[in-house]
Amino acid sequence: MDPQPHRREPAPPAPAEPDVDTDAGTLGIRRPDRPLHLHPGFILIVVLGGLAGALARYGLGLALPAPGGWPLPTLVINLAGAAALGILLEALARRGPDQGGLRVARLLAGTGFLGAFTTYSTFAVDADRLLAAGRTAAGIGYLAATLLGGAAAAALGIWAAAYHHARSTR
């Protein structure tokens with residue numbers, strides 16, 4: 001008779017992880033114990049999106065006026081980027097887990113393009129310049145418009161993508 005009748009057999013070893021990240025699709029990105037942000041292929045995707053986003057921000061910044069030195073271009077860019085990010089992330093979340101093409105889209109358009117298109121640093125410098133110039137009301141108004149407007153724009157983007165999804169799946 002077995003002296004330990006409640007003893008369990010050890011679990012079989014877990015299967016080894018594949019050498020290639022199947023979430024990366026045809027990128028063939030290797031995944032030996034490196035976090036996602038250290039994979040060269042994913043870094044390249046973010047860099048390419050960031051390059052396009054920075055160029056788009058620069059061009060739009062040149063095209064928009066800054067009435068009376070008020071940083072309207074930065075405000076418009078940041079609000080548009082917040083709305084676009086809300087739309088993008090809601091749309092991607094409704095399509096499935098963050099892997100494969102969905103991950104590439106998030107990294108390229110979200111982290112890369114919109115991350116470079118929007119600009120917290122310019123927002124901070126613009127707010128500081130307004131406040132340092134003694135334009136307190138303009139500075140506080142700009143801070144409020146950017147922070148509250150950005151949250152509202154992101155929420156509106158999420159709502160718009162959810163609404164579109166609901167209409168298209170009826």
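Of these, Thr111, Thr119, which one is surrounded by fewer than 19 Cβ atoms within 10 Å (Cβ to Cβ) and closer than 16 Å to Ala56 by Cβ?
Details: Thr119 fails: surrounded by fewer than 19 Cβ atoms within 10 Å (Cβ to Cβ).
On inspection, the qualifying residue turns out to be Thr111.
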Scope the stretch 121-144; condition touching a residue at least 40 places away in the same chain (Cβ under 8 Å) and under 21 Å from the mean Cα position of the chain (by Cα); matching residues:
Thr122, Phe123
Give the number of residues within the stretch 117-152 that are hydroxyl-bearing (Ser, Thr, Tyr) and either touching a helix residue (DSSP H, G or I) at 6+ places or on another chain (Cβ under 6 Å) or not in a helix (DSSP H, G or I) (or both).
5
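Taken together, the values in this text are just the output of simple stated rules run on the coordinates, not laboratory data. These figures come from a predicted structure and were not determined experimentally. Ideal geometry is used to build each Cβ from the backbone, glycine not excepted, and the neighbour counts take in all protein chains shown.
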